[in-house]
Amino acid sequence: MHVNQQNSTSHPPAPFLYPAVFLISAVGIAYQVVLMRVLSIAQWHHFAYMIISIAMLGFGASGTLLTLIRSRLSGKEKQSFFVSLLLLTFSLPLCYVWSQRIPFETFHLVTQGDQFGWLLALYTILAVPFFLVSTCITLAFFMAPRRVGRVYFTDLVGSGLGAAAVVGLLFLVPPEQLPYLLSLPLILLAGWMVFGMARPWKTLFGLSVGIGIMWVGAQGFAPIRVSDYKTLSYTLQFPDAEIVASAQSPLSQIHVVRSRQIRETPGQLGNYPFARMGPLPEQAGLFFDAGSVSVVNRYDGDTERFSYMDYVTPALAYRMVREPEVLVIGAGGGSDVWMALYHGAKHVTAVEVDPSVFRLIEQELADFSGGLYRRDDVTPVTAEGRGYLQSRGGSYGVIHIALLDAFNAAASGVYALSESYLYTREAIEFYMKHLTDDGVLAITRWLKTPARDAIKMFATLVEACEAAGYEDPGAHLAFIRSWNAGTLLLSRTPWTDEQLDEIRAFSQSRGFDIAWMPGVTEAEVNRFTILEEPVYYQAALAILSEERDRFYRDYLFDVRPATDDRPYFFQFFKWDTLRVLVRDMGFEWVPFVEWGYIALLATLVQGAVASVLFILLPLITLTRRAETRGARRWVVMYFTALGLAFMFLEIAFIQKFMLFLTYPIYAVAVVLTAFLVFSGCGAFLADRWRGDRFPLVRAAVGGIVLLTLLYTALLPPLFSAWAGWPDAARVVVSFVLIAPLAFCMGIPFPSGLQLVSDRYAAMVPWAWGINGFASVMGASLATFTAIHFGFRILVWTAAAVYVLCLPAFMGLRRRGER
């Protein structure tokens, strides 16, 4: 190994360069995370993936421009850097504001052709800040051509620490204000730079800052434009609707709405005697990211006001087990906690992932809620449900997984890209181990037309029972439904005759249909909410029979159980189904598909088209130069492979560590920070390396392949063994596990880019642009691959793509030696 001990350039980089790259990279990644939160609130969770593509698109388009004008920038790199920095500073708030004025609606993508134009406009506007971030970084490469690895190291470390810092900011500042806040450190950086520049530049700086301050003062903070199809939007149309409190965290933004029109129950009320029992308690709604809603019931000391909780399908669980210890996963506003207390639960452990929920209820809504979460028989816990059980253990008579999503969102399929480790086959097995001997697992799901959610959950319960060694899974299951919700029960022991009689009596008295219970006949099902065919009963019979695989194959939707490797419970889309629906229904098929999946496909197509227009076509034309002939194909192969493989592994590990760290936003922050910082360390080694870099790249690729193979085999049992460790310990372990892989992943890119810089300097921005193009496609392709094939295949694919880098690097090296 040969290590350089001194700067090999005759002109050391400007003193501002490395701090500037660090700060710009930190702000860039923070802005990316902020936009993920903005789009989660404005549209839906799955649009967070679109931001990754947008960021990479901006990076690639920047490489295109700089390649086209490289000769004109010679000797003007510092001034160009300063102008790009000023533009970046003001593009952060401006592009956010403009993006909120675009009338894009997910649900209109198929029925209104202009929505694709609006989506492309959204792509273009939001890509501008990332375009300018990339321009600054690429100009830094120009200013330090012999220190490509050092610049890349500073870029990655800044991005990693920026990802961690923005998580803390999201606890304190609403996401709609952060685009303005993030511009402040860039103003300070530009001020530092301008001190050493001529007076015209200082005048430009002063005028820009003055105009920016006046604009923000005149406009104020632009609110997030929330989709008209989100629950909060139409709730605020009630005449007396009023937002009385709000809170934000990295997990969600919560609005508390008061209105006499708000009446939310866990599914349809069955034969509730309003005349005798009186009206439901007054309710306030907690709206999470303007979509999912959980209600807070007014409590005046009279528990009988919650008698309506005995007229919903989840109440059946409390007819099966008397005075149980209860675990409620997804406690939210507390309706399901009141249900347990009304039915005589000894104690309720209320688990809620968002820490803002308990604070809002016990502070802003303290009088309204009657101190629900301060009761001696209720223990509030801020955690993810499965993660809480992994870390704390315990046994419960009832484990109740509440309705965690809004009915309209569930019905429209916008959660199709939402990974959930609550509903996987392995999760069900885990819950079963934490039931008492007579305990019951209760899961309630909204019902869709055509049927899919509840059928998929029934299949998951059946396969979990089989994995647990139950000889007759059907003897442990029950499934009842109203018109809009169904509750599935799994008992650790087979149902007794008394319990079966109770299921029949409860369903009969409440007007609920039995979809499955041991011994049920077709004459007993489909009696109250009558469907054309008893589809739920027929599906249950098929799943419990030897015809299960044929049923999975032939059913209109994908109802195979979700697994920890493919945790997309809400993904039901099948290409065969789309073909049938389009053939038989024309445009009337639109309400019956999963919109999250359609949005992913639209994002993939938009990203491909925009990438070709902004990156590939200009660069293909440009690089018809004799001095680059013969190297172009290796540049394309090398930097495309790196862009795809890096994104594949990054997204796969975010998902896998989400199960270990339990909090989604913490998993994103920890994995992003670890990947970027330790990749930066690998880049630092690449910068210090002298001589032939191929042995270094070969060792790095070998390390990546070996570690990915080891991790796919070892991480699941290790995560299970370490699940009970404290949060801080799991974060440290995550960093330790990611560090060697990320270190190896940080070596190939700067090694290849330094080789290109040394031998084909004109192709540096092209290589940067190609890598950006590959990353644009990689973000969407990674999600697509994970949905259909699982994270294990995604990781193995990434390892195989990394191997392709070796012949490409050798081709570049041989071409340069001629």
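The values are calculated or read from the model by the stated rules, or taken from the named source; none is laboratory data. Computed from a prediction, not measured in an experiment: that's the story for all the values here. In this analysis, Cβ positions are derived from the backbone assuming ideal geometry, glycine residues included, and neighbour counts consider all displayed protein chains. The accessibility values were calculated without ligands, DNA or RNA, using every heavy atom of the protein model including side chains. Shrake-Rupley method; radii C 1.70, N 1.55, O 1.52, S 1.80 Å.
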All helices (runs of 4 or more DSSP H) inside region 525-639 with 3 or more residues being at pLDDT below 65 and on the phi > 0 side of the Ramachandran plot: none
Looking at (1) open to solvent by less than 60 Å² (accessible area, probe 1.4 Å); (2) in contact (Cβ under 8 Å) with a residue 12 or more places away in the chain; (3) assigned to a helix (DSSP H, G or I); (4) over 17 Å from A26 (Cβ atoms), which is the only condition W201 fails? (1)
Total residues in region 206-264, condition among the aromatic types (F, W, Y) and assigned to a loop (DSSP other than H, G, I, E, B): 3
Residue by residue through region 332-373, note down the ones that are of a type in the set (A, V, I, L, M) and within 18 Å of Y308 (Cα to Cα). V337, M339, A340, L341, A345, L372
Which one of D692, D687 is touching a helix residue (DSSP H, G or I) at 6+ places or on another chain (Cβ under 8 Å), among the charged types (D, E, K, R), on the phi < 0 side of the Ramachandran plot and part of a helix (DSSP H, G or I)? D687
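Yes or no, residue by residue, for (1) closer than 14 Å to L17 by Cα; (2) surrounded by 16 or more Cβ atoms within 10 Å (Cβ to Cβ); (3) over 25 Å from the mean Cα position of the chain (by Cα); (4) among the hydroxyl-bearing types (S, T, Y):
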{"position": "V148", "(1), (2), (3), (4)": "yes, yes, yes, no"}
{"position": "S159", "(1), (2), (3), (4)": "no, yes, no, yes"}
{"position": "G168", "(1), (2), (3), (4)": "no, no, no, no"}
{"position": "V209", "(1), (2), (3), (4)": "no, yes, yes, no"}
In region 801-818, how many residues are open to solvent by 10 Å² or more (accessible area, probe 1.4 Å), closer than 12 Å to L755 by Cβ and at pLDDT 90 or above? 1
Which one of R813, R792 is charged (D, E, K, R) and out of contact with any Asp or Glu (no Cβ under 6 Å at 6 or more places or on another chain)? R813
Tally of residues being touching an Asp or Glu at 6+ places or on another chain (Cβ under 9 Å) and either hydroxyl-bearing (S, T, Y) or surrounded by fewer than 20 Cβ atoms within 10 Å (Cβ to Cβ) (or both) across region 371-382: 5
Quick one: is V697 in contact with a Pro (Cβ under 8 Å, 6 or more places away or on another chain), under 15 Å from L649 (Cβ atoms) and not polar (S, T, N, Q)? no
Could you identify the single residue in V776, V732, V736 that is of a type in the set (A, V, I, L, M, F, W, C) and in contact (Cβ under 8 Å) with a residue 40 or more places away in the chain? V776
Confirm whether S74 is open to solvent by 10 Å² or more (accessible area, probe 1.4 Å), modelled with pLDDT under 85, over 23 Å from the mean Cα position of the chain (by Cα) and not hydrophobic (A, V, I, L, M, F, W, C). yes
Which residue pairs have Cβ atoms closer than 7 Å, lie 6 or more positions apart in sequence or on different chains, and pair a first residue in region 709-721 that is free of Cβ contacts under 8 Å to residues at least 60 places away in the same chain with a second residue that is open to solvent by 30 Å² or more (accessible area, probe 1.4 Å)? L715/K656
Got a number for residues in region 382-420 being at pLDDT 85 or above and touching a Leu at 6+ places or on another chain (Cβ under 9 Å)? 12
From I480, I443, I503, residue being under 27 Å from the mean Cα position of the chain (by Cα) and not small (G, A, S): I443
Of the conditions (1) touching a residue at least 40 places away in the same chain (Cβ under 8 Å); (2) under 24 Å from the mean Cα position of the chain (by Cα); (3) surrounded by fewer than 19 Cβ atoms within 10 Å (Cβ to Cβ), the single one that L556 does not satisfy is (2)
From R698, R693, grab the single residue that is open to solvent by less than 50 Å² (accessible area, probe 1.4 Å) and of a type in the set (K, R). R693
Complete set of residues in region 348-382 that are on the phi < 0 side of the Ramachandran plot and either of a type in the set (F, W, Y) or assigned to a loop (DSSP other than H, G, I, E, B) (or both): V353, D354, F358, L365, F368, Y373, R375, D376, D377
